[in-house]
Structure formats: structure tokens, C-alpha cells
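The values are calculated or read from the model by the stated rules, or taken from the named source; none is laboratory data. The structure presented is a predicted model; accordingly, all values stated were derived computationally and were not measured. Cβ atoms come from the backbone with ideal geometry, glycine included; neighbour counts cover every protein chain shown.
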Amino acid sequence: MNLYALAIAAHPDDIELSCSGTIIKLTQKNYPVGILDLTRGELGTRGDEKIRESEAKEAAKLMGVSIRENLGLPDGGIEVTMENKIELIKIIRKYKPEIIFAPYWIERHPDHENTSKLVREAWYLSGLVKFKTKLNGKIQEPHRPKKIFFYVQYYYQQFTPNLIIDITDVFEKKLKVIECYKSQFFNPGVKISARETLLSTPDFKEYLVARARFFGEMIGRKYGEPFLTLSPVGLNGIENVVLPLRS
């Protein structure tokens with residue numbers, strides 16, 4: 001099947017934390033959206049591969065995405081190699097998305113930075129006619145998505161978006177999607193015998209809310225998800241601009 005959007009991330013739960021509100025809005029309008037996780041998150045302090053896989057499936061179902069695949073690269077070892085670019089190109093050509101979501105290139109986790117670079121290079125090569133790839137024994141057609149939307153994960157204070165999506169109407173659902181990762185985040189009444197992490201502290205939910213409020217305030221709405229594109233975003237009419245609730 002062809003997708004409208006393909007969201008690419010280094011680890012299961014990256015997409016949910018960063019741009020699941022935007023994905024929910026797309027799927028609610030029946031746009032086919034897919035997710036590609038590059039690793040299984042096996043280096044995560046809490047949980048294991050099987051638990052993360054189960055949580056990712058639950059989150060995908062709640063978001064309403066059409067497909068979720070995992071490239072199986074080593075957690076903590078994502079590298080920008082030709083081999084990895086080819087595997088990513090195969091996925092892009094397989095699903096032919098119109099747009100891609102990818103992590104911003106300045107991040108705390110090296111996997112996130114390398115995922116960003118890997119996506120950008122694969123995105124370009126995927127559109128070259130003479131760059132051949134095969135899937136299931138068949139030569140794939142070239143395909144280059146029309147835009148990449150970069151999402152922020154950690155260093156949001158240094159991130160200057162040129163597009164912010166109003167997610168006020170789906171923000172509570174976004175939080176429920178994130179809560180699918182019970183092994184990773186604070187869950188009152190549930191004791192997990194593992195070291196506490198930034199994500200598992202009781203304050204992390206407040207951080208998520210504050211970040212969404214921060215970007216929502218930029219457009220005069222309650223909650224927002226920020227993106228950066230390398231080329232201007234066009235509108236088919238000025239009436240489609242999200243106007244502030246107050247002036």
C-alpha cells in the first residue's frame with residue numbers, strides 16, 4: 001500500500017513523544033500513515049525487546065497507523081552506512097510516502113542525530129533512477145517523498161520551528177498513546193525493578209505538557225507540535241492559517 005506519511009525514528013516511543021498528535025490528526029482524516037523504528041530499543045534501561053515491541057503495537061493501534069515496521073538496527077549503534085541507506089531506501093520505495101517525519105539533526109542521543117542524517121541521505125538517493133534496489137526479487141521504482149518534516153525530541157529550547165501543528169483537540173489522546181509504554185514511563189501504583197530514568201520520573205509528564213504548551217502558545221493555541229522544513233510550506237489559501245484565539 002502507498003502511504004501519505006512515513007514517520008521514522010531511532011527507537012520505539014520516539015514518534016509517540018515527538019509527533020503522535022500530528023499523526024493522530026492525519027489518521028482521523030483517513031490518511032494512511034506508517035511508522036518505521038530503526039532499532040528495537042534493546043539498550044533501554046527499563047523493559048526489554050519483547051515488552052517494547054508489545055507496547056509499540058498497542059500505541060500504533062491507538063494512533064490508527066496502517067503499518068509499523070522495525071529495521072532491526074543495533075540500539076546505540078545506528079550508523080550512516082551505505083548498507084543502512086539501502087535498507088531505508090527499500091522501505092521508502094515500498095510505501096511511497098508523500099511526506100516523511102524525521103528527527104532534527106541536533107539531539108542528545110547520537111542515534112537520533114544519525115537517524116536524521118540517514119533519512120536525509122536515503123531520501124535523496126531514493127529518487128535516483130539509476131540507484132537500483134530490489135525487494136522480494138523485484139527491482140523497485142524510484143521514489144522521493146515531497147517533503148521531510150523534522151521533529152524535535154530533547155533540545156527543544158534550541159529548536160526554531162517554521163511550522164507548528166495545533167494538537168489541542170487530540171492532546172489527551174496523545175498522552176494515552178505515550179502511556180502505552182508502561183515499562184518506560186511513570187505509572188502510579190506499578191513498581192518496576194529497574195533504575196529510574198528521565199522518562200520514568202513523575203515529573204516527565206509535566207515536562208511533556210509544558211513543552212506542548214510552549215509551542216502551542218507560539219500560535220495562540222493551547223497545545224502544539226513543532227516541525228522544521230528545509231523549504232517553504234505552501235497553503236492553498238490564506239484561510240487555512242491557524243489564527244490565534246486572541247489578538
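Brief remarks follow.
- Residue list for region 76-103, filter: surrounded by 23 or more Cβ atoms within 10 Å (Cβ to Cβ) and either part of a loop (DSSP other than H, G, I, E, B) or touching a Pro at 6+ places or on another chain (Cβ under 8 Å) (or both): 78, 92, 97, 100
- Within region 203-222, considering residues that are at negative phi, of a type in the set (Gly, Ala, Ser) and surrounded by 13 or more Cβ atoms within 10 Å (Cβ to Cβ), the one farthest from the chain's Cα centre (by Cα): 216
- Number of positions in region 41-73 that are at pLDDT 95 or above and closer than 17 Å to residue 8 by Cβ: 12
- Of all residue pairs spaced 6 or more apart or on separate chains, those with beta-carbon atoms under 8 Å, a first member in region 132-143 that is under 10 Å from residue 94 (Cβ atoms) and a second member that is assigned to a strand (DSSP E or B) are 133/139; 140/134.
- Only listed residue being assigned to a strand (DSSP E or B) and at pLDDT 85 or above, chosen from 217, 225, 206: 225
- One residue stands out in region 133-177 among those that are more than 17 Å from the chain's Cα centre (by Cα) and aliphatic (A, V, I, L, M): the one that is surrounded by the most Cβ atoms within 10 Å (Cβ to Cβ), namely 135.
- Some residue of region 32-40 being modelled with pLDDT under 95 and not charged (D, E, K, R): no
- Of all residues in region 228-247, none satisfies the criterion of being in a helix (DSSP H, G or I) and buried (at least 16 other Cβ atoms within 10 Å of the Cβ).
- Any pair with Cβ under 6 angstrom, 6 or more apart, that starts in region 61-89 at a residue that is free of Cβ contacts under 8 Å to residues at least 40 places away in the same chain and ends at one that is buried (at least 20 other Cβ atoms within 10 Å of the Cβ) and among the polar types (S, T, N, Q): 73/39
- Some residue of region 53-70 being surrounded by fewer than 16 Cβ atoms within 10 Å (Cβ to Cβ), on the phi > 0 side of the Ramachandran plot and in contact with a Lys or Arg (Cβ under 8 Å, 6 or more places away or on another chain): no
- For region 10-47, the set of residues classified as surrounded by fewer than 24 Cβ atoms within 10 Å (Cβ to Cβ), touching a residue at least 40 places away in the same chain (Cβ under 8 Å), assigned to a loop (DSSP other than H, G, I, E, B) and not hydroxyl-bearing (Ser, Thr, Tyr) consists of 44, 46, 47, listed by residue number.
- Single residue of region 117-132 satisfying the filter (surrounded by fewer than 12 Cβ atoms within 10 Å (Cβ to Cβ) and not hydrophobic (A, V, I, L, M, F, W, C)) that is farthest from the chain's Cα centre (by Cα): 130
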